[in-house]
Amino acid sequence: MAAAQPKGLSWFGIIRIGMVQASIGALVMLSTTVLNRLMVVEYALAAAIPAGFVAWHYAVQLTRPLWGQVSDKGRKRTPWVLAGLAVLAGGVLIASQATPMMADGFGAGFALAVIAYTLIGIGVGMGGTSALALLASGVAPQRRAAAAATTWIMMVAGIVASAITVGALLDPYSPERLMEVASGLALVTVAVTALAVFRLEQGHVVFEETRKDEPAPDFRAAIAEIWNEAAARRFTIFIFVSMIAFSMQDLILEPFAGLVFGMTPRESTQLGGQHQGGILLGMIVAGVGGSAFKGKLTSDLRLWIVAGCLASAAGLAGLALAAIAGPGWPLGINVFVLGLGNGVFAVASIGAMMGLAGAGEKTREGVRMGVWGASQAIAFGLGGMFGAMGVDIARRVQAHDGSAFQLIFAIEAALFVLAAILAVRAAGSQAMPTRASQAQDREIFA
């Protein structure tokens, strides 16, 4: 009788990694959403300034493949996870201090913010890449897509919960209240992460298809192998284009709500929570109704990716109309629908990513997840910068806030349509996969 197959990380272990993801999401939400709104609306800074900070923190995440390589070569990944969260929390606290400083002494506040967002980028790259690599190597193959969906659903849930809570606690706003809220959030997230990773790798199973007989290749050789693999290369390009579309509204949604709809910081933060709530539901719908929770990856993922991209484009087209209609438009419903499409697209893409993570001949999960994380980080940074700078330029040229936002939202919608086309073309030249699940994973974007 054949020996029983190892199960790897239990569902409780997967949920513990999800708690780490939720903590990362909560901290990043404060630094990229709330502080962005405060800089633009409360302190009347150009939208390009917070966009530049956020772009810089994504640029720092170009180190993700290096963190993944270090994680691959080390005996354990959890110390890197906890260290990353501690650095991230410290960066968020410094950024919260720097934001009001820029209103009084811009030079000093700006310099402190650069340091803060550098730490935020390092923390996200170090902690996030190590957590995802642990997930990819320690979860049984038939559970990987479901595990990825579960942890990212938990991350979005953490963002939603923190957005609602932070929005309520910041009303009425003051710099002192901001520091109190940021300090509480940092303390809670680091404590949750420490509890989540405690003895998580004890008895940790590394599956045969992810274990390599030879030592991990050096960084340059690992990158060369990934880029020469057609499926990984095409997936990297798709991630880059789609994530630019995904991220362009991140830094302008709350300023849009404040400038065009007259919303307060509490109201606009809660609007962001509605968007994240839509993402959460979209992830659940794609995970349950699609292939993520069926124990294997199939070509169905392509359909869900395309559907999510097109639904996101429709939500952004609605925001373009809202920019002209103004108050009276069902903005909350519109933003929720946008989030729904974003969630469907995201969880299908994550499922494909997890399937390809252990598919390298020599490269391991850490460096492969790092490469895709770096592609995503570059796209997020460029997308946020393009969105914010585009709004600044359009507001000056058109001298009308609504028309400026309408233009940017329309461009975003067009980019999501382009991403859907790329997904179809990337998969169109291959026949439907019929063999083992790992071969299916490769052929999704082969």
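The values are calculated or read from the model by the stated rules, or taken from the named source; none is laboratory data. All values reported here derive from a predicted model rather than from experimental measurement. Here the Cβ positions follow ideal geometry from the backbone for every residue, glycine too, while neighbour counts run over all protein chains shown. Ligands, DNA and RNA are excluded from the accessible area calculation, which covers all protein heavy atoms including side chains. Shrake-Rupley method; radii C 1.70, N 1.55, O 1.52, S 1.80 Å.
Could you look at segment 7-100 and say what percent of its accessible area is carbon and sulfur, using a 1.4 Å probe and all protein chains? Ligands and nucleic acids excluded, carbon and sulfur reach 70 percent. Taking a Cβ cut-off of under 15 Å around T269, the surrounding Lys, Arg, Asp and Glu residues balance to a net charge of -2, with basic ones at +1 and acidic ones at -1. Rolling a 1.4 Å probe over the protein heavy atoms gives segment 65-167 an accessible area of 31 Å² per residue. Each Lys or Arg adds one and each Asp or Glu takes one away; over the other residues whose Cβ falls under 12 Å from the Cβ of L253, this sums to -2.
From the alpha carbon centroid of segment 243-262 to that of segment 315-340 is 11 Å.
With a 1.4 Å probe rolled over the protein heavy atoms of all chains, the accessible area of W372, W80 falls in the order W80, W372, largest first. Across all Cα atoms of segment 1-159, the radius of gyration (one decimal) and Dmax (whole number) stand at 18.2, 74 Å.
Highest average first, the peptides 48-61, 323-336 ordered by how many other beta carbon atoms sit within 10 Å of their residues are 48-61, 323-336.
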